[in-house]
Amino acid sequence: MGLLAGCGVADITGEAAECGMLGYGKAQQRTTGIHTRLHARAFAFADGDRRLLLVVCELPLMSAGVVRDVLGRLPGGYTESNVMITATHTHCGPGGYFHHALYNSNTGGFRERTYGAIVDGIVEAAEAAHADLAPAVLRLAHGELRDASVNRSKRAFDRNPAADRAHFPDAVDPRTTLLRIERRGQLRGAVNWFATHNTSMTNTNTLISADNKGYAASRWEAADPGVVTAFAQTNAGDMSPNLRLAPGRGPTDDEFENTRVIGTRQYRAAAALYGDEIPGVLDARLTHVDLSRTTVRPEFTGDGRTHRTSGPVAGAAAFAGAWVDGPGFRGFRPGRNPLWDTLSHRIVYPLAPRLRDAQAPKGLCLPAGPVNRVRPMVQERLPVQLLRIGPLYLIGLPAEITIVAGLRLRRTVAAIVGAPPANVLAVGYSNAYAHYVTTPEEYDAQEYEGGSTLFGRWELPALCQSAAGLARAMRDGTPVGRGTPERLRPPRARHRRRGTDVPHPGRDFGDVLSFARTDTRVTARFVGAHPGNDLRRGGTYLAVEREEGGGWTRVADDGDWSTTFRWKAVGTGAARASTVTVTWDVPPDTPPGTYRIRYFGDTADGPFTGTTTPFAWNRTPRNDRL
């Protein structure tokens, strides 16, 4: 019957109010509404009894617990080896969905409702893709995109050998890769890989947002209804979309506009690609590697000696944050941190030579390894994966990989399987999370990325060694040892929302408090309730409707770029009132007509609806510019 392929998409949006966001690590960045919903987009492939599933999730990071629970609910034939679940790395999504405490530290603990929404949504997308399996043609294409990324860690990049730097003369990875899925000559789905951080939205934003990669996907799907498109990450560890090297700066000074522009550039570069038809050969390998105690052989270390990784330790530079995308904590900086450097080099390293070999010159700050024995903070045994789709090889890595680190991984695999390096991609943020991976040379600079390379200077060589083993097994058609997966302990500090919703004095839930309009925007405020009463996954908190034929037709909801849904508490204590503000930035091609705004809320007693008075809309279109 030949190759079959299918596509599916589902909502994975978590708690839209009072949930800490994951990515920037800021306690004050807690959800207050939705700009765009988050989605999982799944792509299933089958060739005889071979299966492969790729799921691209609009999430900050990927949790091993999520992966485990999704795998337990998938149809037969899908295993941890042939399923890759990867994240786009938006920094404006709800957190609290990890089994490791570090990632739940600003969320009030483990958030069961957000976790459930993510798992349920990924399973729905995967099941839809599996049900959609049908004969298909695959095409693979490569292009370049040079105005959507900048190297945010140039000092570390410049420490790499000239031969590696020559591969990236502008210090960015411009390669954009597209896998097209066609049926009867028509596009059914597409997956794009391009390296840029999903951080056009800043750490001051508290609206859930899929950021630039989410905008790229929704832009393409709006232009081509019925098509499922995903914009995935590769080696984006040192690639920023903030082209002017400051948070929210590039190419404009407006974070929403930057998100749109950088997303549009990714969409246009991908949509312009077509490519040659490729065979539907499918293969997969996966092993779990204990990165806290991996012995790395001389052929991978680069200095002709055997080295060993160590337990995870965050450096002082890790707490400085990536300044280009958003500063971290006060008292820390990229590069030298005299206090922590002095303590490490004069006290700790002399007493622990093996730790010094693994971690120096890092200024040790948070010894996550010892803390893990008491309470799981970060993951140590991690999945490394290799998938093959025809001539395309995807190295699934649970980390953020810099472009030169990615290049070395790609070259390692390409040399073994006999593929051009362009057809081998390092797919970061996949199947779990373990922070950053830099080259040993970049590590020595101890910029943010090096300080966040938890397992030390030899982490990249250890991963190259593991990827080489998977590549040889795939080339030779032999199995690989599964290794020992991380044991996931039940998460602690389960969050429960306390309090009761009450309406504003003298008002009912859903009442319109105010209504305003300008030449480009409509704003309505309602008596609301806490969005956590119902996440409305697969639904919406709002609707923009147009009167047609005596009825009302929905033209936008809370997943659209043109709308925002904002929640605000009024008062404190066990009983709180809420205000909900719905904003509609009217698209330039909106036809004249009669419209209304609706809000859908929920209390403990059930759902309610608020509706504005109908209003006429008629104005001159404006240009949609970049």
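If the cut-off is 26 Å between C-alpha atoms, which lysines fall inside it for Lys362, apart from same-chain ones fewer than 8 positions away?
By straight Cα distance, Lys362 reaches Lys26, Lys154.
Let me have the 222 nm mean residue ellipticity of the chain computed from DSSP H runs of 4+ only, each contributing -39500 (n - 2.57), with the sum over all residues rounded to the nearest 500.
Numbers: 15 runs with 138 residues, N = 626.
So the calculated ellipticity at 222 nm is -6500 deg cm²/dmol.
Once the principal axes of the Cα atoms of region 339-433 are found, what is the range along each, listed largest first in whole angstroms?
52, 27, 20
Just want to confirm a number: the relative contact order over the chain, from Cα pairs under 8 angstrom separated by 6+ residues, in percent. Don't skip to the answer; put the middle values down first.
Working: 1686 pairs, mean separation 94.0, N = 626.
For the chain, the relative contact order is 15 percent.
For region 500-617, what is the convex hull volume of its Cα atoms per residue in Å³? Provide the component values of the computation, followed by the final result.
Working: hull volume 13.1 nm³, N = 118.
Taking only Cα atoms, region 500-617 has a hull volume of 111 Å³ per residue.
Compute the separation of the alpha-carbon centres of region 411-448 and region 18-49 and state it in Å as a whole number.
About 23 Å separates the Cα centre of region 411-448 from the one of region 18-49.
What net charge is computed for the residues neighbouring Gly418, neighbours being all others with C-beta under 15 Å from the C-beta of Gly418, Lys and Arg scored +1, Asp and Glu -1? Write down the numbers at each step before the final one.
Values: positive: Arg388, Arg410, Arg411, Arg472, Arg475; negative: Asp283, Asp476.
Taking every other residue near Gly418 into account, the sum is +3.
In the neighborhood of Thr79, defined by Cβ-to-Cβ distances under 14 Å, what is the net charge if each Lys or Arg adds +1 and each Asp or Glu adds -1?
Details: positive: Arg50, Arg51, Arg68, Arg73, Arg285, Arg482; negative: Asp49, Glu80, Asp283.
Overall, the nearby charge balance is +3.
May I ask which residue of Phe615, Val502, Thr583 lies farthest towards the positive end of the charge dipole of region 500-617, with charges of +1 (Lys, Arg) and -1 (Asp, Glu) on Cβ and the Cα centre as origin?
Toward the positive end, the furthest listed residue is Val502.
For region 500-617, calculate the relative contact order in percent as a whole number, restricting contacts to Cα pairs under 8 Å that are 6 or more residues apart. Spell out each step's value before the answer.
Values: 264 pairs, mean separation 38.0, N = 118.
So the answer I get is 32 percent.
Rounded to the nearest 20 debye, what is the charge dipole size of the chain about its Cα centre when +1 sits on each Lys and Arg Cβ and -1 on each Asp and Glu Cβ? List each step's numbers first, then the result.
Working: 75 positive and 63 negative charges, 300 e Å.
Dipole of the chain, to the nearest 20 debye: 1440 debye.
All other residues with a Cβ under 13 Å from the Cβ of Glu255 taken together, and with Lys, Arg as +1 and Asp, Glu as -1, what is their net charge? Let's see the in-between values first.
Values: positive: Arg244, Arg249, Arg260; negative: Asp211, Asp253, Asp254, Glu257, Asp325.
With Lys, Arg at +1 and Asp, Glu at -1, the neighbours total -2.
Could you give the length gained by full extension between Tyr274 and Thr553, i.e. 0.36 nm per residue of separation minus their alpha carbon distance, to one decimal place? Intermediate values should be presented prior to the final figure.
On the way: separation 279, 0.36 × 279 = 100.44 nm, distance 3.54 nm.
Answer, rounded to one decimal: 96.9 nm.
Can you tell which of Val150, Thr177, Gly263 lies farthest toward the positive end of the dipole of region 129-263, using +1 and -1 charges on the Cβ of basic and acidic side chains (Lys, Arg; Asp, Glu)?
Among Val150, Thr177, Gly263, the one farthest towards the positive end of the dipole of region 129-263 is Thr177.
Please report the spacing between the Cα centers of region 587-606 and region 249-280 in Å, no decimals.
Cα centroid of region 587-606 versus Cα centroid of region 249-280: 29 Å apart.
Between Thr478 and His167, what is the FRET efficiency for a Förster distance of 22 Å, r being their Cβ-Cβ separation, to the nearest 0.05? Can you show the working numbers first?
Values: r = 31 Å, r/R0 = 1.42.
My answer for the efficiency is 0.10.
Can you sort Ser240, Ser562, Ser466 from fewest to most other Cβ atoms within 10 Å of each residue's own Cβ? Walk me through the numbers before you get to the answer.
Details: Ser240 25, Ser562 15, Ser466 28.
In order of increasing Cβ crowding within 10 Å: Ser562, Ser240, Ser466.
None of the figures in this text is laboratory data; all of them are computed from the coordinates on show. If you're wondering where the values come from, they're calculated on a predicted model, not measured in any experiment. Neighbour counts are summed over all protein chains in view; Cβ atoms, including those assigned to glycine, are modelled from backbone coordinates with ideal geometry.
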